[in-house]
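Undergrad: Take this structure, written in structure tokens, and hold onto it; I'll ask about it next.
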Ligand SMILES: [Zn+2]
């Protein structure tokens with residue numbers, strides 16, 4: 001495999017989650033009854049005039065900034081002319097040679113590698129409108145115009161010398177970035193994130209291979225599997241002396257292969273020209289600054305901060321890919337500054353209870369302040385970790401503060417030496433055979449005594465102090481003997 005180079009490109013279409021559509025005031029909502037969110041503009045009636053939605057442009061500017069792109073000060077919409085039943089007006093409002101932004105990059109950590117981030121080039125970010133949705137039924141095809149005119153943002157990556165797993169992590173990082181900005185719901189099942197990919201395999205030193213496009217990808221996992229399949233297929237063709245055909249192939253999820261798309265794809269001439277009904281869009285520095293100043297910290301920045309704080313890459317990825325979790329964590333940080341402990345509690349114990357109870361993170365009844373207080377108490381050694389978990393469950397159920405529950409439940413860690421000595425004396429008295437074997441040199445048996453002391457204290461005794469005092473006791477007994 002090493003004599004081949006794999007080059008991968010990815011195109012992502014995101015529906016922007018603005019309140020209204022791109023060029024009319026119809027609500028932009030998923031899941032409404034068909035054709036209830038329409039007007040003459042998004043139905044494409046002749047003579048209607050589109051009015052660009054300012055929020056769409058602002059969302060795209062924020063995305064472009066997050067992708068380190070150059071924003072074109074003078075951009076515009078163009079008409080892409082073609083007819084299809086889902087586009088009966090005969091053209092799509094899109095962007096052609098002056099996209100909103102271009103020449104950027106996205107940095108992300110690929111897989112388990114915490115050593116340094118990977119960087120993927122971004123060719124362009126442009127805006128367009130979605131088409132109506134075709135619903136195929138036994139009786140024929142139906143059209144739902146609720147989707148017509150919904151704002152779409154297309155993000156095209158550079159062709160990258162890369163691997164299928166890296167492409168998969170690029171997509172995850174891109175999604176996390178867009179979710180963090182709040183510009184899209186990025187839901188592949190609902191179609192608010194769609195992606196196509198292309199791949200070529202070439203022999204090292206012989207330039208690029210022939211590009212094959214892959215469509216019909218319904219999940220990031222499918223992208224990865226399809227790319228892996230396609231890479232292997234192309235390598236096999238080349239190693240047998242064959243030639244890869246330039247074509248579009250469809251991923252067949254059921255049998256896990258790519259297949260040639262039926263029917264020849266025409267290279268259509270879309271006769272792009274500037275959209276005459278929308279004036280050019282001027283994006284000045286002031287506007288960009290305003291948007292930039294209101295942007296949250298980005299996933300890559302959050303990852304880097306967590307890395308420095310000693311959080312593991314899996315834990316960091318989990319919390320950064322979920323902006324709702326991260327917001328909760330961020331709120332907790334106001335009350336306790338141990339990032340590593342907080343992340344572990346949030347994605348560990350708190351998440352486990354949420355999943356068991358089937359509750360969304362945004363509805364978690366435990367206040368961030370309370371969780372932070374609990375984690376601090378555990379970090380300070382005042383409550384053991386397992387007792388802390390019980391306290392958390394009670395916090396969830398009662399809404400009470402950790403301090404209140406810790407004293408109510410009597411789980412405060414016993415570090416008072418006299419109290420612990422009393423328990424040790426009891427345990428030593430009750431286990432003469434174990435003590436005898438320790439005195440004969442079986443030091444390992446001391447663990448059984450520690451276990452007994454912990455059990456008698458209801459798990460509350462400070463294990464460090466128990467160990468210390470018990471060792472002292474044994475030493476004294478050895479001297480006497
Ligand atoms: Zn409309």
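Yes/no matrix, rows are residues, columns are (1) loosely packed, with under 12 Cβ neighbours inside 10 Å; (2) modelled with pLDDT of 95 or more:
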position: 216; (1), (2): no, no
position: 222; (1), (2): no, yes
position: 233; (1), (2): no, yes
position: 263; (1), (2): yes, no
position: 275; (1), (2): no, yes
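Undergrad: So for segment 78-89 (the condition being within 16 Å of the ligand (Cβ to nearest atom) and within 30 Å of residue 226 (Cβ to Cβ)), does at least one residue qualify?
TA: Just the residues of segment 78-89 that are within 16 Å of the ligand (Cβ to nearest atom), to begin with: 86-89.
If we keep only those that are within 30 Å of residue 226 (Cβ to Cβ) too, we end up with 86-87.
So far as segment 78-89 goes, yes, one or more of its residues are within 16 Å of the ligand (Cβ to nearest atom) and within 30 Å of residue 226 (Cβ to Cβ).
Undergrad: Looking at the structure I just gave you, is residue 120 more than 16 Å from the ligand (Cβ to nearest atom), in contact (Cβ under 8 Å) with a residue 24 or more places away in the chain, assigned to a strand (DSSP E or B) and closer than 22 Å to residue 318 by Cβ?
TA: Yes: the conditions hold for residue 120.
Undergrad: Quick check on segment 235-250: of everything there that is touching a strand residue (DSSP E or B) at 6+ places or on another chain (Cβ under 6 Å) and without any contact (Cβ under 8 Å) to a residue 60 or more places away in the chain, which residue is surrounded by the fewest Cβ atoms within 10 Å (Cβ to Cβ)? Don't jump to the end; show me each part of the working.
TA: So in segment 235-250, the residues touching a strand residue (DSSP E or B) at 6+ places or on another chain (Cβ under 6 Å) come out as 235, 247-250.
From what is left, the residues that are without any contact (Cβ under 8 Å) to a residue 60 or more places away in the chain are 247-250.
On the way: 247: 14, 248: 16, 249: 22, 250: 17.
Among residues in segment 235-250 that are touching a strand residue (DSSP E or B) at 6+ places or on another chain (Cβ under 6 Å) and without any contact (Cβ under 8 Å) to a residue 60 or more places away in the chain, the one surrounded by the fewest Cβ atoms within 10 Å (Cβ to Cβ) is 247.
Undergrad: In the list 60, 22, which residue meets the criterion of being crowded, with 18+ Cβ neighbours inside 10 Å, in contact with a strand residue (DSSP E or B) (Cβ under 6 Å, 6 or more places away or on another chain) and outside any helix (DSSP H, G or I)?
TA: Answer to the selection: 22.
Undergrad: Now a separate question. Go through segment 186-216 residue by residue and tally those that are under 12 Å from residue 13 (Cα atoms) and in a loop (DSSP other than H, G, I, E, B). Step through it out loud before you land on a result.
TA: Taking segment 186-216 and keeping what is under 12 Å from residue 13 (Cα atoms), we get 186-188, 191-197.
Okay, now just the ones that are also in a loop (DSSP other than H, G, I, E, B), so 186-188, 191-192.
Residues flagged as under 12 Å from residue 13 (Cα atoms) and in a loop (DSSP other than H, G, I, E, B) within segment 186-216 amount to 5.
Undergrad: Provide a single number: the residues in segment 28-47 that are at negative phi and more than 9 Å from the ligand (Cβ to nearest atom).
TA: 9
Undergrad: While we're on this one: Go over the candidates 330, 379 one by one and state the one that is under 30 Å from residue 408 (Cβ atoms) and at pLDDT 95 or above.
TA: Details: 379 fails: at pLDDT 95 or above.
Criteria check complete, one pass: 330.
Undergrad: Another question about this same structure. Does residue 399 satisfy being at positive phi and either crowded, with 21+ Cβ neighbours inside 10 Å or out of contact with any strand residue (DSSP E or B) (no Cβ under 7 Å at 6 or more places or on another chain) (or both)?
TA: yes
Undergrad: Name the single residue, out of those in segment 289-308 being assigned to a helix (DSSP H, G or I) and touching a helix residue (DSSP H, G or I) at 6+ places or on another chain (Cβ under 7 Å), that is surrounded by the fewest Cβ atoms within 10 Å (Cβ to Cβ).
TA: 292
Undergrad: Please work out if residue 55 is surrounded by 22 or more Cβ atoms within 10 Å (Cβ to Cβ), within 16 Å of the ligand (Cβ to nearest atom) and at pLDDT 95 or above.
TA: Against the criterion (surrounded by 22 or more Cβ atoms within 10 Å (Cβ to Cβ), within 16 Å of the ligand (Cβ to nearest atom) and at pLDDT 95 or above), residue 55 does not qualify.
Undergrad: Among 103, 80, which is closer than 28 Å to residue 170 by Cβ, at pLDDT 95 or above and over 30 Å from the mean Cα position of the chain (by Cα)?
TA: Criteria check complete, one pass: 80.
Undergrad: Kindly list the number of the only condition in (1) part of a helix (DSSP H, G or I); (2) within 16 Å of the ligand (Cβ to nearest atom) that fails for residue 167.
TA: (2)
The values are calculated or read from the model by the stated rules, or taken from the named source; none is laboratory data. Just so it is clear, the model here is predicted, and its values are computed rather than measured. Cβ atoms come from the backbone with ideal geometry, glycine included; neighbour counts cover every protein chain shown.
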